[in-house]
Amino acid sequence: MLDPSILALTASLIIVAALLVWLSLSMASAEGAVARVTRASLNNLALEVQTDAELSQFLRMKKLDAIHKVQRYIVDRSATSGSCAFFRIVCNVMDGVLVAVIAALFDAPIWAEVLAGFVFALVVGVLSVLLRPRVTGSFKPLDAMLRHHRIIGIAVALTPFARIGTNNVSRRMAKEAELSDEEELEKMQLEQGRAMIDRLAESSDIDPEVSEMLRNVLSLSETLTREIMVPRTDMICIERDQTLSAMLKLCSRSGFSRVPVIGDDVDDLIGIAYLKDAVRATAFNPSAMSRTVDTIARDPLLVPESKPVDDLFHQMQKQRQHVAVVVDEYGGIAGLVTIEDTLEQIVGELEDEHDRTQHAEPEQVGERKWKLPARTPIADLEELFEIDMDEDDVDTVYGLLTKALGRVPIVGASAVTRGLRLTAVDSAGRRKKVSTILVEPAGLNDDSEDSAAQNGDGHDDKEHDER
């Protein structure tokens, strides 16, 4: 017959062990919630409670007191999270100890006591994995913090050592950048996302290209528009008094379908002319060919060059714009950006079936006539034609043609310099940059001085456009 006192003590220890299991799960839920509760959500909830006419004064004060306590806890998230983690670990350890004590009350051998405590600890661990309290707290962080605010307060009060080191970290972070609560939370979530992607990549359970795209998505908020735009020096624009006929020829030769329309200079932006609008206006009305381009220009989407790429992408997607003009801090035109530029930050270079790759090596196509890649060094050009170019301000054949023309070359553009005729004959990539240049000796009439040839349609292309 067992001693009643032993039975009573055993029952008490079992109840305490069960309470410790519940406390451990609650601490895990609070630990997951404390990093995701924001001051803004607490302020909004406090306002709702204060304006809720259905609540009694007692309930209103009770809820507001809980909200104010949670606000104090999230002032130092690291210390609060550390206190919850400490109590969770202590509860798990005490569970095993209590079960071992229960086994000792029944005169079990030492190995049985240790085994009983170990098995119970495993059961608690499996239960934590199945219930996932930390994930639950992350999904509804505000509810979890308010539900457990009392035990969180006890944990924080009993673990003042959890604040050691966190003050220095907080001061250093505040010194580096004064972040709002939401910005700090977003930064924390980004860091957690990167760590998760790194773990997935290391496990080799995910395609390396997919993991790279996920990393690119997370880096969009840190990439500015100025880093992906086409600079103004590479833009191809059309003047407002040019005709639709000239625009159709320019689009055909450049490969672009959206062209900025300018007035006196690039900073005098009139709008964006779309190839489809020009085709629609002239397809069944040939007389419209003489209309000026500004009659079909659309209002441009203007974005600052300091805008993060993820915000830029969402804005263009929301406003259904495929091209935007980038302005600098002084209001001048800094460049041009397209929605494809933002997508390339995620998936890499985009090309279609019409994009041609440039030649890797110079190709001789006739007597003293060569097709050269645009990036061919001037030194190679001098060696092929046995001449001394004496050019210090340009390094490639493309730069030489650009200098001779005085503008960005497009396919068909031709110029004569240093006794050589350079003609852009091919383009490559989504941005349609000239990739191949035909170089040949100039005619006898051009030997006396350098001259620039017209582009063929009489249009003076100033800078760069869009797709």
- Residues (part of a loop (DSSP other than H, G, I, E, B) and of a type in the set (Gly, Ala, Ser)) located in segment 404-419: GLY406, GLY412, ALA413, GLY419
- Message: Would you confirm, using the coordinates I've provided, whether ASP198 is more than 30 Å from VAL90 (Cβ to Cβ), modelled with pLDDT of 65 or more and assigned to a helix (DSSP H, G or I)?
- Response: yes
- Query: Looking at segment 232-281, which of its residues are of a type in the set (Phe, Trp, Tyr) and assigned to a loop (DSSP other than H, G, I, E, B)?
  - Reply: PHE256
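Every residue, every condition in (1) assigned to a helix (DSSP H, G or I); (2) within 47 Å of the chain's Cα centre (by Cα); (3) at pLDDT 85 or above; (4) not hydroxyl-bearing (Ser, Thr, Tyr), yes or no:
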position: ALA66; (1), (2), (3), (4): yes, yes, yes, yes
position: VAL70; (1), (2), (3), (4): yes, yes, yes, yes
position: ILE89; (1), (2), (3), (4): yes, yes, yes, yes
position: LEU98; (1), (2), (3), (4): yes, no, yes, yes
position: LEU142; (1), (2), (3), (4): yes, yes, no, yes
- Item | Restricting segment 420-443 to residues that are under 30 Å from the mean Cα position of the chain (by Cα) and of a type in the set (A, V, I, L, M, F, W, C), the residue that is modelled with the lowest pLDDT | ALA428
- Message: Suppose the filter is modelled with pLDDT under 80 and in contact with a helix residue (DSSP H, G or I) (Cβ under 7 Å, 6 or more places away or on another chain); does ALA360 pass it?
- Response: no
- Message: Among the numbered criteria (1) exposed (fewer than 14 other Cβ atoms within 10 Å of the Cβ); (2) assigned to a helix (DSSP H, G or I); (3) not aromatic (Phe, Trp, Tyr), which one does VAL124 miss?
- Response: (1)
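From the list ARG298, ARG280, exactly one residue is of a type in the set (Lys, Arg), touching a Phe, Trp or Tyr at 6+ places or on another chain (Cβ under 7 Å) and free of Cβ contacts under 8 Å to residues at least 40 places away in the same chain. Which is it?
On the way: ARG280 fails: touching a Phe, Trp or Tyr at 6+ places or on another chain (Cβ under 7 Å).
Criteria check complete, one pass: ARG298.
Out of the residues in segment 16-52 that are among the polar types (S, T, N, Q) and assigned to a helix (DSSP H, G or I), which is surrounded by the most Cβ atoms within 10 Å (Cβ to Cβ)?
SER29
The values are calculated or read from the model by the stated rules, or taken from the named source; none is laboratory data. All values reported here derive from a predicted model rather than from experimental measurement. Neighbour counts are summed over all protein chains in view; Cβ atoms, including those assigned to glycine, are modelled from backbone coordinates with ideal geometry.
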